[in-house]
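Take a look at the structure below.
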Amino acid sequence: MYSLAFSILFVSFIILTLLVRFWLASRHIRHVLAHRSAVPAEFAEKIPLAAHQKAADYTIARTKYGLLTLMVNTLVLIGFTLLGGLQWLSVQIFSLTGPGMVYQLALLAAFSVISGAIDLPFDFYRQFSLEQRFGFNKMSKGLFFADMAKGVLLGVAIGLPLAWVVLKLMNSAGDLWWLYTWIVWSAFQLLMMVLFPTVIAPLFNKFTPLEDQSLKTRIEGLMQRVGFASKGLFVMDGSKRSAHGNAYFSGFGAAKRIVFFDTLLARLQPQEIEAVLAHELGHFKLKHIVKRIAMMFALSLGFLALLGYLKTQPWFYDGLGVNPLALPGQGNDALALLLFMLVLPVFTFLFNPLTSLGSRKHEFEADAFAAKHTDARDLVSALVKMYEDNASTLTPDPLHSAFYDSHPPASVRIRQLNLAAAA
Ligand SMILES: [Zn+2]
């Protein structure tokens, strides 16, 4: 009875999510098309029509491709759950391994292999057809597969031990397993923040200390003005994979580093780079990063508590097309984990506008910080160049943007910065 109700609820949320996503995408495409023929007035002197139209075409192509992958992912989700894919897989593996930890780890591994294999052609197409067509792909096919192999090895080296610990806790730590798992998970996240910049990212890219002396002096001056200490300024060879440019922070505490993509350095003037960095430093000084981490920890505690409850409810499995081979004490914890990870996004999608709103608020604050410590006009000209180079549309549909965008639309951001510059 409960399981049927849960199936119906699950299907209703899938349909609702699909409808909202299709509606937003079609609005977005129509809006971008309607503004394709002319560069918006405030950008008319800075961005050529051809670049504006390329951004429109790129945006539309990506939005359409997003709908295709959405359809496929939804079919895969239903296939694994209601159509019995996960049930079938678990029976096959169980018959090979028998009950126990090996069964559970093998089930997680098999699921990862299958979903990775489904994603592969779509990732390949995105990189070598879509990105290629707009001149953004700089990757060879060899590099694509080398990245993939490294990703798989990392997944095994990091994911398998973590899964083992979590399954062990689920099985033998009693009713509060989810709380202990949360502690382990949080510690793991913090560890990754240290390991990512120092160990993992260098497996994929080369990081060289920033050599340009005058730029270095300029940046060090900025860091001193705003009171920021860093372990170093690095340039990353982002151009090896993509023409998209960026700058970011990584690590925390004493291990903080600032990373510039070589593509960004090649394109921006020194004062523009300083302004972009001031924006990034704003995120740090205004505690946006700490707040984001605290939020992530709070959410994962809530979700793990929920999983702690769901794991003991038969309707959670039955309602999602799974009939656990529950042998007392030998657990179906891997199944509970997989089901939870599969269906959670279906139920949280409609909260997207809230996280986007929070993120855009932080972006405005970081822009204001940059305007205070550098010349706002430099950030404006840097943004215009970055929008043009990344073929980001200047005319998104307002609702689509409110729903998904972590950054405010270019025109709104630039209007605010111009006000700051005039003040
Ligand atoms: Zn930002």
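The values are calculated or read from the model by the stated rules, or taken from the named source; none is laboratory data. Being a predicted model, the structure only gives us computed values, none of them experimental. With ideal geometry, Cβ positions are generated from the backbone for all residues, glycine too; neighbour counts draw on all protein chains shown.
Numbers at a glance
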{"quantity": "Those residues of segment 332-358 which are within 18 Å of Gln313 (Cα to Cα) and either among the β-branched types (Val, Ile, Thr) or within 16 Å of the ligand (Cβ to nearest atom) (or both), in sequence order", "calculated": "Val343"}
{"quantity": "Pairs, first under 30 Å from Pro345 (Cα atoms) in segment 355-381, second part of a helix (DSSP H, G or I) and within 14 Å of the ligand (Cβ to nearest atom), C-beta under 6 Å, six or more apart", "calculated": "His362/His288; Ala366/His279; Ala366/Gly282; Ala366/His283"}
{"quantity": "Identity of the residue in segment 284-305, in contact with a helix residue (DSSP H, G or I) (Cβ under 8 Å, 6 or more places away or on another chain) and among the aromatic types (Phe, Trp, Tyr), that ends up surrounded by the fewest Cβ atoms within 10 Å (Cβ to Cβ)", "calculated": "Phe297"}
{"quantity": "Number of positions in segment 233-243 that are surrounded by fewer than 19 Cβ atoms within 10 Å (Cβ to Cβ) and not in a strand (DSSP E or B)", "calculated": "4"}
{"quantity": "From Ser406, Ser381, residue being of a type in the set (Gly, Ala, Ser), surrounded by fewer than 20 Cβ atoms within 10 Å (Cβ to Cβ) and in a loop (DSSP other than H, G, I, E, B)", "calculated": "Ser406"}
{"quantity": "Some residue of segment 130-138 being assigned to a helix (DSSP H, G or I) and among the small types (Gly, Ala, Ser)", "calculated": "no"}
{"quantity": "Given (1) at pLDDT 95 or above; (2) assigned to a loop (DSSP other than H, G, I, E, B), index of the condition Ala38 fails", "calculated": "(1)"}
{"quantity": "Those residues of segment 359-371 which are more than 27 Å from Ala56 (Cβ to Cβ) and either in contact with a helix residue (DSSP H, G or I) (Cβ under 8 Å, 6 or more places away or on another chain) or more than 15 Å from the ligand (Cβ to nearest atom) (or both), in sequence order", "calculated": "His362, Glu365, Ala366, Ala368, Phe369, Ala370, Ala371"}
{"quantity": "Pair list, Cβ < 6 Å and 6+ apart or interchain, from segment 260-283 residues that are among the aromatic types (Phe, Trp, Tyr) to residues that are at pLDDT 90 or above and more than 16 Å from the ligand (Cβ to nearest atom)", "calculated": "Phe260/Val235; Phe261/Met236"}
{"quantity": "Residue list for segment 269-283, restricted to those being surrounded by fewer than 22 Cβ atoms within 10 Å (Cβ to Cβ) and away from the ligand (no atom under 12 Å from the Cβ)", "calculated": "Gln269, Pro270, Gln271"}
{"quantity": "Matching residues in segment 384-418 - criterion: being more than 23 Å from Ser37 (Cβ to Cβ) and of a type in the set (A, V, I, L, M, F, W, C)", "calculated": "Met386, Ala402, Phe403, Leu417"}
{"quantity": "Filter pass, Leu190 being touching a helix residue (DSSP H, G or I) at 6+ places or on another chain (Cβ under 9 Å) and within 26 Å of Met295 (Cβ to Cβ)", "calculated": "yes"}
{"quantity": "Count of residues meeting criterion [under 30 Å from Arg218 (Cβ atoms) and of a type outside the set (Ser, Thr, Tyr)] in segment 334-375", "calculated": "15"}
{"quantity": "Residue identified as on the phi < 0 side of the Ramachandran plot, buried (at least 18 other Cβ atoms within 10 Å of the Cβ) and in contact with a helix residue (DSSP H, G or I) (Cβ under 8 Å, 6 or more places away or on another chain) among Thr97, Thr74, Thr63", "calculated": "Thr63"}
